[in-house]
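Student: Here's a structure for you.
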Amino acid sequence: NQLLRLWTMTSLFFLVLLSSPLLTRNVEANPNYREALSKSLLFFQGQRSGRLPRDQQVSWRASSGLSDGSTAHVDLTGGYYDAGDNIKFNFPMAFTTTMLSWSTLEYGKRMGPELKNARESIRWGTDYLLKCARATPGKLYVGVGDPNVDHKCWERPEDMDTPRTVYSVSSSNPGSDVAAETAAALAAASMVFRKADPKYSRLLLATAKNVMQFAIQYRGAYSDSLSSSVCPFYCSYSGYKDELMWGAAWLLRATNNPYYENLIKSLGGGDQPDIFSWDNKYAGAYVLLSRRALLNKDSNFEQYKQAAENFMCKILPNSPSSSTQYTQGGLMYKLPQSNLQYVTAITFLLTTYAKYMKSTKHTFTCGNSVIVPDALISVSKQQVDYILGENPIKMSYMVGFGRSFPKRIHHRASSLPSHALLSKPLGCNGGFQSFYSQNPNPNVLTGAIVGGPNQSDGYPDQRDDYSHSEPATYINAAFVGPLAYFAAGRSA
């Protein structure tokens, strides 16, 4: 009787969830997920800093930032520009690298030929992060370029004449958040390369342990140490405890060393957020740790499984404890500034938690409603399809994907003539004519996902509207996992 009642409740809730107007609209829509996956990874080539390799496919970009680190007498070339500017901010870059690694660990077997490209995208990030962690003992470099000056200019990365100031944290100027995120990136990547390149994997893991130790020993927020150099751009608004938990969770997964389990316990319970981003890692840490409760049947991690499920209940549209708004067209709406960064990151967690649930035949409850894995997958697929063009204005928010996509993105290199066509430097102010132009960007940054539509499902496609039209590495990185999941033919 009890089993029958549970089955009835589950079926009823699943039917209720699927009959929600948010979810029925796109049930039949199946964009080309394989193409989207390929393009989402190609985007990272357009964001590369440093000396570009011979196999660079985004040919309108050229080498840039070749003297990065020289003011501190170290080599800090490489890595990624975070968004549409020419700055290397390590805090979001490390998160980008962690999410690319997590996507590859969970979905690599479903990526087919894109697995090689995913590894290359990760390695471009980790090669740079290794330099930042190993160049000077006792110091972690956390960024290159003066954001306050850079943001007053509109020039190609190849032409940069703004100060390439180097920023670092140390025992006297701590940065537990950026250090623990760097440790998370290196630890996660070490597992990606464990079989493909064992020597590199060992270097990543050894460095991750050292950087994590630094984060633990010298506690403090990097925003306090570096103030206006990182705020308001990538301020650590949520503090550093979430990064300590996140970094320890990744090192625990990479090493199985109880030291990291004890560290997580010593941090106590975390916040109960309804968001996941480069700044707030709690929800990601809960899902990552819940893997041990579900897949390893380890009761020590039961509280994180519960926290992960509380998070899901705040996201699902028909849950009694939902605190998430959805637009009329069905898009999750968290914040006006670059909303799609939250959508892609949360969608990753929905898909991944559903995957853990499916492999263990697990269900959970939101109030009196029983949640089955396909309920999470339905919401996830709705978000993916919306971003790829199944929305009220039929606009794909991935550049170069579908018939209609953003043409005037807030991105310096994309909006200015290619260095290959015009090698003469444009200078700090030389590009503003292009910035204010209504012409489409001359270079298509294929695969870039922009900040996205407004709360009314509208998108003006204006270059100066950066909160909607600017792409960012961390928007794409989180999207790779769900795309790989659906590309492999998984759907609700």
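Student: Could you tell me which numbered condition Ile87 fails, if it satisfies all but one of (1) open to solvent by less than 50 Å² (accessible area, probe 1.4 Å); (2) modelled with pLDDT under 95; (3) not polar (S, T, N, Q)?
Tutor: Every listed condition holds for Ile87 apart from (2).
Student: Which residue, of Gly50, Gly69, is out of contact with any helix residue (DSSP H, G or I) (no Cβ under 7 Å at 6 or more places or on another chain), at pLDDT 95 or above, closer than 26 Å to Ser236 by Cα and small (Gly, Ala, Ser)?
Tutor: Just a single option satisfies the conditions, and that option is Gly69.
Student: With a cut-off of at least 3 residues that are charged (D, E, K, R), name the helices (runs of 4 or more DSSP H) lying wholly within segment 127-243. It would help to see each step written out before you state the result.
Tutor: Values: elements: 147-150, 176-192, 198-217, 222-226.
In segment 127-243, 198-217 are the helices (runs of 4 or more DSSP H) which contain 3 or more residues that are charged (D, E, K, R).
Student: State which residue pairs qualify: first residue closer than 26 Å to Ala133 by Cβ and inside segment 55-79, second residue among the acidic types (Asp, Glu) and open to solvent by less than 30 Å² (accessible area, probe 1.4 Å) in any location, beta carbons under 6 Å apart, and separation of 6 or more residues or different chains.
Tutor: Close Cβ pairs satisfying both conditions: Leu76/Asp68; Thr77/Asp68.
Student: So which of Met160, Met93 is over 19 Å from Gln56 (Cα atoms) and modelled with pLDDT under 95?
Tutor: Working: Met93 fails: modelled with pLDDT under 95.
When all the criteria are applied, what remains is Met160.
Student: Pro317 - would you say it is touching a residue at least 60 places away in the same chain (Cβ under 8 Å), touching a strand residue (DSSP E or B) at 6+ places or on another chain (Cβ under 6 Å) and not hydroxyl-bearing (Ser, Thr, Tyr)? Even if it seems obvious, please write down each step before you answer.
Tutor: On the way: touching a residue at least 60 places away in the same chain (Cβ under 8 Å): yes; touching a strand residue (DSSP E or B) at 6+ places or on another chain (Cβ under 6 Å): yes; not hydroxyl-bearing (Ser, Thr, Tyr): yes.
Yes: the conditions hold for Pro317.
Student: Among the residues of segment 425-458, how many are of a type in the set (Ser, Thr, Tyr) and either under 22 Å from the mean Cα position of the chain (by Cα) or open to solvent by 40 Å² or more (accessible area, probe 1.4 Å) (or both)?
Tutor: Taking segment 425-458 as the starting set, the residues that turn out to be of a type in the set (Ser, Thr, Tyr) are 434, 436-437, 446, 456.
Applying the additional criterion that residues be either under 22 Å from the mean Cα position of the chain (by Cα) or open to solvent by 40 Å² or more (accessible area, probe 1.4 Å) (or both) yields 436, 446, 456.
Adding up the residues that qualify gives 3.
Student: In segment 248-276, what residues are outside any helix (DSSP H, G or I), out of contact with any Lys or Arg (no Cβ under 9 Å at 6 or more places or on another chain) and surrounded by 15 or more Cβ atoms within 10 Å (Cβ to Cβ)?
Tutor: Phe276
Student: Quick test of your reading of the structure: Val384 fulfils all but one of (1) out of contact with any Lys or Arg (no Cβ under 9 Å at 6 or more places or on another chain); (2) open to solvent by 20 Å² or more (accessible area, probe 1.4 Å); (3) closer than 30 Å to Leu294 by Cα; (4) not polar (S, T, N, Q). Name the failing condition by number.
Tutor: Answer for Val384: the failing condition is (2).
Student: Name the single residue, out of those in segment 225-247 being free of Cβ contacts under 8 Å to residues at least 40 places away in the same chain and closer than 28 Å to Gln272 by Cβ, that is surrounded by the most Cβ atoms within 10 Å (Cβ to Cβ).
Tutor: Of all residues in segment 225-247, those free of Cβ contacts under 8 Å to residues at least 40 places away in the same chain come to 227, 231-232, 241.
Next, from what is left, pick out any that are closer than 28 Å to Gln272 by Cβ: 231-232, 241.
Numbers: Cys231: 15, Pro232: 9, Lys241: 19.
Step by step, filter segment 225-247, then rank; the result is Lys241.
Student: Look at segment 278-302 and say how many of its residues are in a loop (DSSP other than H, G, I, E, B) and either acidic (Asp, Glu) or surrounded by 14 or more Cβ atoms within 10 Å (Cβ to Cβ) (or both).
Tutor: Taking segment 278-302 as the starting set, the residues that turn out to be in a loop (DSSP other than H, G, I, E, B) are 278-281, 296-298.
Add one more test, that the residue is either acidic (Asp, Glu) or surrounded by 14 or more Cβ atoms within 10 Å (Cβ to Cβ) (or both), and what stays is 278-281, 298.
Looking only at that region, the number is 5.
Student: Considering every residue within segment 306-322, establish whether at least one is open to solvent by 30 Å² or more (accessible area, probe 1.4 Å), part of a helix (DSSP H, G or I) and small (Gly, Ala, Ser).
Tutor: Let us first name the residues in segment 306-322 that are open to solvent by 30 Å² or more (accessible area, probe 1.4 Å), namely 306, 310, 314, 318, 320-322.
Next cut, part of a helix (DSSP H, G or I) only: 306, 310, 314.
The next check asks that each one be small (Gly, Ala, Ser); those that pass are none.
No, because not a single residue in segment 306-322 is open to solvent by 30 Å² or more (accessible area, probe 1.4 Å), part of a helix (DSSP H, G or I) and small (Gly, Ala, Ser).
Student: In addition: Do you know which residues across segment 335-372 are among the aliphatic types (A, V, I, L, M), closer than 24 Å to Glu302 by Cβ and either buried (at least 21 other Cβ atoms within 10 Å of the Cβ) or under 17 Å from the mean Cα position of the chain (by Cα) (or both)?
Tutor: Going through segment 335-372, the residues among the aliphatic types (A, V, I, L, M) turn out to be 335, 340, 343, 345-346, 349-350, 354, 357, 370-372.
With closer than 24 Å to Glu302 by Cβ added as a condition, the list becomes 346, 349-350, 354, 357, 370-372.
If the condition is that a residue be among the aliphatic types (A, V, I, L, M), closer than 24 Å to Glu302 by Cβ and either buried (at least 21 other Cβ atoms within 10 Å of the Cβ) or under 17 Å from the mean Cα position of the chain (by Cα) (or both), then Ile346, Leu349, Leu350, Ala354, Met357, Ile371 are the ones that fit.
Student: In segment 43-60, what residues are under 21 Å from Trp278 (Cβ atoms) and either open to solvent by 40 Å² or more (accessible area, probe 1.4 Å) or small (Gly, Ala, Ser) (or both)?
Tutor: Across segment 43-60, the qualifying residues are Gly46, Ser49.
Student: The conditions are (1) surrounded by fewer than 20 Cβ atoms within 10 Å (Cβ to Cβ); (2) in contact with a Cys (Cβ under 7 Å, 6 or more places away or on another chain), and Arg219 fails exactly one of them. Which is it?
Tutor: So Arg219 meets the others, but not (2).
Student: Tell me which residues, restricted to segment 61-84, are hydrophobic (A, V, I, L, M, F, W, C) and open to solvent by less than 40 Å² (accessible area, probe 1.4 Å). Give the steps one after another, and end with the answer.
Tutor: Kept after step one, since they are hydrophobic (A, V, I, L, M, F, W, C), are these residues of segment 61-84: 62, 66, 72, 74, 76, 83.
Of everything in segment 61-84, those that are hydrophobic (A, V, I, L, M, F, W, C) and open to solvent by less than 40 Å² (accessible area, probe 1.4 Å) turn out to be Ala62, Ala72, Val74, Leu76, Ala83.
Yes/no matrix, rows are residues, columns are (1) surrounded by fewer than 23 Cβ atoms within 10 Å (Cβ to Cβ); (2) more than 27 Å from Gln56 (Cβ to Cβ); (3) in contact with a Pro (Cβ under 7 Å, 6 or more places away or on another chain):
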{"residue": "Lys116", "(1), (2), (3)": "yes, no, no"}
{"residue": "Arg123", "(1), (2), (3)": "yes, no, no"}
{"residue": "Thr126", "(1), (2), (3)": "no, no, no"}
{"residue": "Lys131", "(1), (2), (3)": "yes, no, no"}
{"residue": "Ser176", "(1), (2), (3)": "no, yes, no"}
{"residue": "Ala196", "(1), (2), (3)": "yes, no, no"}
{"residue": "Ser201", "(1), (2), (3)": "yes, no, no"}
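Student: With the checklist (1) modelled with pLDDT under 95; (2) under 19 Å from Ser176 (Cα atoms); (3) of a type outside the set (Ser, Thr, Tyr) in hand, flag the one item Pro273 doesn't pass.
Tutor: Here Pro273 clears every test but (2).
Student: Here's a follow-up. Quick one: in segment 92-114, which of the residues that are under 23 Å from Val166 (Cβ atoms) and not polar (S, T, N, Q) is surrounded by the fewest Cβ atoms within 10 Å (Cβ to Cβ)?
Tutor: Restricting to residues being under 23 Å from Val166 (Cβ atoms) and not polar (S, T, N, Q), the top hit is Pro92.
Student: While we're looking at this one, here's another question. I need the full set of residues from segment 147-157 which are within 12 Å of Gly427 (Cβ to Cβ) and crowded, with 22+ Cβ neighbours inside 10 Å, in order please.
Tutor: Trp154, Glu155, Arg156
Student: Next question, about the same structure. Just to be sure before I move on: is His411 under 19 Å from Val58 (Cβ atoms), touching a residue at least 60 places away in the same chain (Cβ under 8 Å) and within 24 Å of the chain's Cα centre (by Cα) in the structure I sent? First the steps, then the outcome.
Tutor: On the way: under 19 Å from Val58 (Cβ atoms): yes; touching a residue at least 60 places away in the same chain (Cβ under 8 Å): yes; within 24 Å of the chain's Cα centre (by Cα): yes.
Criteria met by His411.
The values are calculated or read from the model by the stated rules, or taken from the named source; none is laboratory data. Remember, it's a predicted structure, so these values are computed and weren't measured experimentally. A quick note on method: Cβ atoms are made from the backbone with ideal geometry, for glycine too, and the neighbour counts reach across all protein chains shown. Accessible surface is based on the protein model in full, side chains and every heavy atom, while ligands, DNA and RNA are left aside. Shrake-Rupley method; radii C 1.70, N 1.55, O 1.52, S 1.80 Å.
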